[in-house]
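The values are calculated or read from the model by the stated rules, or taken from the named source; none is laboratory data. Just so it is clear, the model here is predicted, and its values are computed rather than measured. Cβ sites come from the backbone with ideal geometry, for glycine too, and all protein chains shown count toward neighbours. For accessibility, only protein heavy atoms count, side chains too; no ligands or nucleic acids. Shrake-Rupley method; radii C 1.70, N 1.55, O 1.52, S 1.80 Å.
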Number of protein chains: 2
Amino acid sequence: MTEAIQTIDETPLRADAARNRERILAAADEVFSERGADASLEDVAKRAKVGIGTLYRRFPTREALLGALCDERLLALAANSRTRDDVMDPGASLRAFMIELAIHASHYQGLAVQLGTVLKSHTTGCHAGTAEGQRLLQRAQKAKAVAKNVSFDDLLCVITAISLAVEQGGVVKSRVTHLVDLFLGGIRLR
Amino acid sequence: MTEAIQTIDETPLRADAARNRERILAAADEVFSERGADASLEDVAKRAKVGIGTLYRRFPTREALLGALCDERLLALAANSRTRDDVMDPGASLRAFMIELAIHASHYQGLAVQLGTVLKSHTTGCHAGTAEGQRLLQRAQKAKAVAKNVSFDDLLCVITAISLAVEQGGVVKSRVTHLVDLFLGGIRLR
DNA sequence: TATTAAATGGAGCAATCCTCCACTTATATA
DNA sequence: TATATAAGTGGAGGATTGCTCCATTTAATA
């Protein structure tokens with residue numbers, strides 16, 4: 001769980017730097033869990049027992065830090081999704097993916113709004129996540145399970161919305177599922 | 001366009017206070033338009049030529065200020081919607097309302113995220129807006145145009161999402177319409 | 001062991017939020 | 001018209017956070 005996690009990257013880190021990087025990530029996970037994704041970065045540095053300068057050197061922006069934090073979970077999510085190819089039809093696979101991603105995106109309070117930005121940070125996990133989403137969408141469209149005028153951005157928009165609702169309402173998986181299903185099926189009766 | 005705009009309110013304002021209130025609103029509209037809904041409130045006060053204390057006295061929170069700013073437009077939106085009862089069927093009315101609200105919610109950069117909160121500020125316009133939305137939803141459900149397991153919160157969630165997408169993508173009415181229609185019809189083929 | 005490029009930490013400036021309160025002013029009343 | 005007073009005002013100032021910069025320390029290499 002150590003090496004490939006970093007951003008698509010140039011020279012390897014010095015030993016102390018790598019150590020500190022891990023501490024920052026661990027601290028950030030704690031602090032963001034407790035106080036939300038817009039908690040003070042000074043607090044993160046303090047908890048990691050690292051100077052604030054060190055934190056900024058490693059993660060120039062908050063999004064970079066969030067991106068790195070999401071990395072592992074997004075990788076897992078994408079891998080997970082690929083295993084479903086065998087046991088689920090394309091539509092169901094897409095649905096499952098959307099639900100998982102929506103839940104992921106509300107892992108820290110305040111993460112949902114940033115989902116779009118974070119997914120664009122160049123992390124292996126972020127790449128894997130978007131790639132998998134696009135693959136699933138295409139697959140579902142080829143199988144005529146989903147309309148072809150739907151873009152991945154449309155999906156992302158809806159997923160963001162759903163996690164946003166979860167964050168605000170403080171609700172749970174049932175609501176996520178409900179909203180995903182609404183979106184899949186449409187609210188209009190026929 | 002002067003009196004009923006205030007929050008559901010107690011004693012009337014003194015002349016100077018009322019004057020300042022209007023200047024603050026005007027300044028806020030300018031500043032928020034230029035720099036987004038999370039612009040500095042000190043800047044707003046400066047532009048209104050008013051002390052920062054005065055601004056806070058009148059609008060204790062940023063949401064209160066945003067609520068007041070949305071007031072007029074929400075009132076108009078609700079009134080507008082009611083006139084459509086004659087010329088549109090329930091489903092189409094709801095659709096039109098959603099589109100208008102979504103566009104409204106991206107009037108200032110950064111407003112969308114706050115839509116939920118803002119709508120809860122006790123302003124006549126906010127009340128009118130939510131009331132009208134609920135009415136339209138019920139009406140559409142009675143007419144069997146919309147599934148009955150859809151709540152107003154669900155709608156709000158989707159509308160927020162859509163304006164969020166608009167804000168981020170910097171896109172326009174066509175995208176809003178597209179997303180609303182996706183949500184109404186569902187993305188799944190049958 | 002000496003060299004040096006990489007990494008560190010935190011002082012410090014800037015931006016913003018928001019409170020508090022000494023002063024000013026509109027208005028109701030005599 | 002004069003005056004009492006409740007309502008309103010402005011902005012200094014404390015607190016928080018973001019982010020940069022650079023003098024110092026340290027890991028890796030020869």
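What to note about this one:
- The C-alpha atoms of chain A define a longest principal axis, and helix A:15-35 lies at about 60 degrees to it.
- Student exercise, the stretch A:48-189 dipole from Lys, Arg, Asp, Glu Cβ charges, in Debye to nearest 20: 120
- Binned Cα-Cα distances of the stretch B:1-119, short to long, each 5 Å bin given as a whole percent: 2, 11, 20, 20, 18, 12, 8, 5, 3, 1, 0
- The translational diffusion coefficient of the protein assembly as shown, from Stokes-Einstein at 25 °C and 0.890 mPa s with a Kirkwood hydrodynamic radius over alpha carbon pairs, comes to 108 µm²/s.
- Inter-probe distance in nm under a simple model that places probes 7 Å from Cα toward Cβ, at B:HIS122 and B:LEU189: 5.3
- Nearby aspartates and glutamates by direct alpha-carbon distance to A:LYS120 (threshold 13 angstrom, same-chain neighbours under 8 apart not counted): A:GLU63, A:ASP71, A:ASP153
- Spin-label pair B:SER40/A:SER33, simplified geometry with 7 Å Cα→Cβ offset, distance in nm: 3.7
- Nonlocal amide H pairs with A:VAL146, under 5 Å, H built at 1.01 Å: A:GLN141, B:LEU189
- For the stretch B:77-92, Karplus couplings with θ = phi - 60° (6.51, -1.76, 1.60), whole Hz, Gly/Pro x: 4, 5, 4, 3, 4, 4, 5, 7, 3, 6, 9, 10, 7, x, x, 5
- Helix B:152-169 and the long axis of chain B differ in direction by around 70°, with both axes built from C-alpha atoms.
- Of the residues A:LEU189, B:LEU66, A:LEU156, ranked by 1.4 Å probe accessible area with the largest first, the sequence reads A:LEU189, A:LEU156, B:LEU66.
- Angle in degrees between helix B:124-142 and the longest Cα principal axis of chain B, rounded to the nearest 10: 10
- Across the identical copies, how the B:LYS46 labels are spaced - nm, sorted shortest first, 7 Å along Cα→Cβ: 3.0
- Direction-averaged projected area, Cα convex hull, the stretch B:88-168: 5.1 nm², rounded to one decimal.
- Cβ crowding within 10 Å averaged over residues, with A:120-128, A:82-90, B:26-34 ranked highest first: A:120-128, B:26-34, A:82-90
- In chain A, the calculated helix contribution to ellipticity at 222 nm averages -22000 deg cm²/dmol per residue, counting -39,500 (n - 2.57) for every DSSP H run with n ≥ 4.
- Carbon plus sulfur fraction of accessible area for the protein assembly as shown, probe 1.4 Å, in percent: 54
- Rounded to the nearest 20 debye, dipole of the protein assembly as shown from Cβ charges on Lys, Arg, Asp, Glu: 640
- FRET E, pair B:GLU72, B:GLN134, Förster distance 30 Å, beta-carbon r, rounded to 0.05: 0.90
- With both labels modelled 7 Å from their Cα along Cα-to-Cβ, the B:ASP86 to A:THR61 distance reads 5.1 nm.
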